[in-house]
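A.B. asks: Before I ask anything, here is the structure I am working with.
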Amino acid sequence: MGTLQQLQQQSQHIDELCRVLNVLIKEPSVCQTTLCHEMFDSFRDNIKNHLTLEESSLYAQMLAHSDHDIQQLAGRFKENSREIKKLFMQYEKRWCKNGISKVKDKNREEFIQETTDMFSVILKRIEAESNDFFPIAERAIAA
């Protein structure tokens, strides 16, 4: 399987995890289950692996491409990747140090809001990858 195909599959999996977890976090009895914790761990790992694979396999080649539009697109996505990593590190520090066990009744609404916001950022990125980045990356790699 090629790198681009692997990235597309990762994107699909991340999208599914976001959508499922976004429902599960709203129910306290479900949110604190081992299965939900495992899904959050999988989500975190998938995000990190996906951004790392993009960084290591696509950005350098696209930034060095002769087409200025491809260079700009790669630069925008690379910068967005940095922003997501920073946001994600802050989120992890706040909520995920010991699984999602830091969530208590008193801060549940805050957790739900921050998690929903984070999912929104990730889903927006996944959509932009599918619509804008992957088609151009495929052309750039083929050239």
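The values are calculated or read from the model by the stated rules, or taken from the named source; none is laboratory data. Quantities reported herein were computed from a predicted structural model and do not represent experimental measurements. Cβ coordinates were reconstructed from backbone atoms using ideal geometry, including for glycine residues, and neighbour counts include every protein chain displayed.
A.B. asks: Go through the stretch 45-68 and give me each residue that's surrounded by 14 or more Cβ atoms within 10 Å (Cβ to Cβ) and either more than 18 Å from Leu87 (Cα to Cα) or in contact (Cβ under 8 Å) with a residue 60 or more places away in the chain (or both).
C.D. replies: Scanning the stretch 45-68 gives Ile47, Leu53, Ser57, Leu58, Tyr59, Gln61, Met62, Leu63, His65.
A.B. asks: Of Thr115, Thr33, which residue is in contact with a helix residue (DSSP H, G or I) (Cβ under 9 Å, 6 or more places away or on another chain), over 22 Å from Leu7 (Cα atoms), surrounded by 15 or more Cβ atoms within 10 Å (Cβ to Cβ) and of a type in the set (S, T, N, Q)?
C.D. replies: Of the residues listed, the single one that is in contact with a helix residue (DSSP H, G or I) (Cβ under 9 Å, 6 or more places away or on another chain), over 22 Å from Leu7 (Cα atoms), surrounded by 15 or more Cβ atoms within 10 Å (Cβ to Cβ) and of a type in the set (S, T, N, Q) is Thr115.
A.B. asks: Within the stretch 17-29, does at least one residue satisfy the condition of being surrounded by 13 or more Cβ atoms within 10 Å (Cβ to Cβ) and among the acidic types (Asp, Glu)?
C.D. replies: Among the residues of the stretch 17-29, not one is surrounded by 13 or more Cβ atoms within 10 Å (Cβ to Cβ) and among the acidic types (Asp, Glu), which makes the answer no.
A.B. asks: Here's a follow-up. Looking at Phe133 and the list (1) under 13 Å from the mean Cα position of the chain (by Cα); (2) buried (at least 18 other Cβ atoms within 10 Å of the Cβ), which single condition is not satisfied?
C.D. replies: (1)
A.B. asks: Of the residues Glu129, Glu83, only one is touching a residue at least 24 places away in the same chain (Cβ under 8 Å) and over 14 Å from Cys31 (Cα atoms); which? Quick ask: steps written out before the conclusion?
C.D. replies: Details: Glu83 fails: touching a residue at least 24 places away in the same chain (Cβ under 8 Å).
Every option except Glu129 fails the conditions.
A.B. asks: Go through the stretch 14-100 and tell me which helices (runs of 4 or more DSSP H), entirely inside it, have 2 or more residues that are at pLDDT below 95 and within 18 Å of the chain's Cα centre (by Cα). Step through it out loud before you land on a result.
C.D. replies: Values: elements: 28-31, 34-54, 60-63, 68-91.
Counting at least 2 such residues, we get 34-54, 68-91.
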